[in-house]
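Notes for the one structure printed next.
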Amino acid sequence: MNLSDQTVDALIIGAGPAGTQCAMVLDNQHIKTAIVNNAPMAGGLQCYNPYQSDWIATSYKQTGSALADIMEHNLQRPNLLYYGNTYIDALIENTSDTKSRFTVLAKTKDAKFHIHARYVILATGVTPRMGNLTHHSGFIFGPGKNITETDFTDKKIAILGGGDNAFENFTYIQSQKARHIDLYAKKIIARPDLCIGIPENQIHIGDVHINQEMVSVNDEKYDLVCVFYGWQAKYFDKLAIKQELTKNNKGYLVINGFCQTSHDSIFAIGEITHRPYPSIVQSMAQGMIAGKKIASNLSHSA
């Protein structure tokens, strides 16, 4: 990893499926590209997904973690600047320099350096929605390894949420020999097939009172509470730019058909943008679209 100051045409923030795909497209077009990831390896949420896919045509029966390994491998390219375990302190717009319009202040545990870029692509993904709750030893937020690496044997479990993840994980936790499970939701929005086999007397519809210190729901104590409130955009908020990026009412970035935000030199791809039925396939498609649009813009301005 070269930790000296760099000037690139495109800087991607985030190395999940969208960011990785975008980097590969740009690199294949011989566009000088840097990709910065604050995690130790590429893959985004796929790093924490131990389940096999049975619906993606090109990776049938591959686990999410296996796909993350492939992404990490595909970023090891001689002309691509890939920075893992790297954090961004600020992104500053240089209004007087259109060829190096943005400057990123990046840091690792050993060094600080600058990356100057003409275009920025935000691919920072999502994080589990916590509602009004906070991190607590008796609460697990979101699906993935934090669920599959937990021992549920003989434990009393509460599940919060009425979507697909809540019901899928009810079935999973039940298979791990939990003593008892209750699911609490304001309403059920999960697919009907996921609700099959779950006892009606273990599903509680309506408002809930949660006491995190007591690890209780509606005054009923539990060993663990698993929270599946969906996702929220992991927005990169260290932007010093001339105009605020437009978001929708759920906090996701608004983009056009080419994945451009309200700033013509900032793109957004993947889960940070809101679209129906988000998936790894859609994220990769957006990465491809943004990469090709930037390549086209650069070729016309050469």
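The values are calculated or read from the model by the stated rules, or taken from the named source; none is laboratory data. Every value quoted in this text rests on a predicted model; they were computed, and no experiment measured them. Neighbour counts run over all protein chains shown; Cβ positions are idealised from the backbone, glycine included.
Scanning segment 141-151 for residues being more than 22 Å from residue 131 (Cβ to Cβ) and either part of a strand (DSSP E or B) or touching a Lys or Arg at 6+ places or on another chain (Cβ under 8 Å) (or both) gives a total of 0. Under 8 Å between Cβ atoms, which residue pairs at least 6 apart in sequence (or on different chains) link something in segment 230-248 that is within 24 Å of residue 105 (Cβ to Cβ) with a partner that is at pLDDT below 85 and in a strand (DSSP E or B)? What qualifies is 245/239. Annotation: of all residues in segment 1-30 being surrounded by fewer than 21 Cβ atoms within 10 Å (Cβ to Cβ) and in a loop (DSSP other than H, G, I, E, B), the one that is modelled with the lowest pLDDT is 1. Residue 104 - would you say it is modelled with pLDDT under 95 and either of a type in the set (A, V, I, L, M, F, W, C) or in contact with a strand residue (DSSP E or B) (Cβ under 7 Å, 6 or more places away or on another chain) (or both)? Judged against the criteria, residue 104 is a match. Of all residues in segment 249-272, those that are assigned to a strand (DSSP E or B) have Cβ atoms under 8 Å from Cβ atoms of residues that are aromatic (Phe, Trp, Tyr) and at pLDDT below 95, 6 or more apart or on another chain, in 253/235.
Of the residues making up segment 223-250, those that are within 24 Å of residue 21 (Cα to Cα) and small (Gly, Ala, Ser) number 1. Put simply, of 162, 131 the only residue that is part of a loop (DSSP other than H, G, I, E, B), in contact (Cβ under 8 Å) with a residue 12 or more places away in the chain and crowded, with 17+ Cβ neighbours inside 10 Å is 162. Residue check: residue 172 meets all listed conditions (1) assigned to a loop (DSSP other than H, G, I, E, B); (2) closer than 23 Å to residue 51 by Cα but one, namely (1).
Taking into account only those residues within segment 119-128 that are in a loop (DSSP other than H, G, I, E, B) and not polar (S, T, N, Q), which is nearest to the chain's Cα centre (by Cα)? If we take residues in segment 119-128 being in a loop (DSSP other than H, G, I, E, B) and not polar (S, T, N, Q), then 125 is nearest to the chain's Cα centre (by Cα).
Determine, yes or no, whether residue 275 is under 30 Å from residue 59 (Cα atoms) and free of Cβ contacts under 8 Å to residues at least 24 places away in the same chain. When the stated conditions are applied, residue 275 passes them.
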